[in-house]
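Let me begin by presenting the structure, written as structure tokens, before commenting on it.
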Amino acid sequence: MQAPVLVLNANFEPINVCSTRRAIGLVLNEKASLVLNGRGEIKTVSRSYPRPSIIRLDHMVKRPRLRVRLTKREILRRDDYTCQYCGQHLPHLTIDHVIPRRLGGKHSWDNLVAACPSCNHRKGGRTPEQVQMHLLHVPKEPPSSARYLFARHLRENEEWMPFVEGW
Ligand SMILES: [Zn+2]
């Protein structure tokens with residue numbers, strides 16, 4: 001019941017991912033319709049329901065354009081789990097403020113990068129120029145396309161792809 005279900009707005013824009021339990025609730029309450037099932041059925045004592053993979057809201061929901069949330073997990077994903085100074089691909093990466101906060105560096109997409117513990121330690125509270133370290137990429141906010149936003153679900157839910165492409 002926790003399997004993710006893609007939620008489309010009335011205009012088919014992908015806007016959210018919710019649990020199967022919530023998706024079935026929306027359909028039973030006539031707030032959403034089934035777009036795609038194909039995951040078999042859920043049986044209760046009295047009846048069975050198709051298990052949804054994608055649902056669509058019956059009424060358009062107004063909401064601001066989704067953006068990627070600024071979290072450690074999303075910074076690591078943007079940087080492809082690679083230290084942005086030495087290029088190492090490591091499981092335990094830290095987040096580095098390129099311009100340190102005490103020097104006025106912001107907590108923002110363009111000032112945060114993935115860094116391995118040893119590069120982070122070597123850099124300390126200094127700027128890259130001060131320690132002659134160079135970034136592999138200029139950090140910036142990742143794309144807010146549906147494909148990028150929902151990427152972590154797409155491998156296991158390939159049937160979502162046609163509904164996510166182009167938004
Ligand atoms: Zn490194």
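The values are calculated or read from the model by the stated rules, or taken from the named source; none is laboratory data. Everything numeric here is computed off the predicted structure, so don't read it as measured data. All Cβ positions, even for glycine, are placed from backbone atoms using ideal geometry, and neighbour counts span all protein chains on display. Only protein heavy atoms, including side chains, enter the accessible area calculation; ligands, DNA and RNA are left aside. Shrake-Rupley method; radii C 1.70, N 1.55, O 1.52, S 1.80 Å.
What the table shows:
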read-out	value
Residue within segment 121-134 that is of a type in the set (Val, Ile, Thr) and either under 24 Å from Val164 (Cα atoms) or under 25 Å from the mean Cα position of the chain (by Cα) (or both) present	no
Members of segment 10-21 found to be under 18 Å from the mean Cα position of the chain (by Cα) and closer than 15 Å to Gly166 by Cα, listed by number	Glu13, Pro14, Ile15
Single unsatisfied condition, Ile42 versus (1) more than 16 Å from the ligand (Cβ to nearest atom); (2) within 22 Å of the chain's Cα centre (by Cα)	(2)
Matching strands (runs of 3 or more DSSP E) fully within segment 45-164 where at least 1 residues are over 30 Å from Pro4 (Cα atoms) and within 16 Å of the ligand (Cβ to nearest atom)	94-97, 112-115
Test: residue in segment 62-74 that is more than 26 Å from Glu159 (Cβ to Cβ) and touching a strand residue (DSSP E or B) at 6+ places or on another chain (Cβ under 9 Å)	yes
Unmet criterion (only one of (1) assigned to a loop (DSSP other than H, G, I, E, B); (2) in contact with a strand residue (DSSP E or B) (Cβ under 8 Å, 6 or more places away or on another chain); (3) within 21 Å of Asp80 (Cα to Cα)) for Trp167	(3)
Tally, over segment 18-38, of residues that are open to solvent by less than 80 Å² (accessible area, probe 1.4 Å), closer than 11 Å to Val5 by Cα and not aliphatic (A, V, I, L, M)	4
Residues being open to solvent by 90 Å² or more (accessible area, probe 1.4 Å) and within 24 Å of Cys116 (Cα to Cα) - total across segment 137-167	4
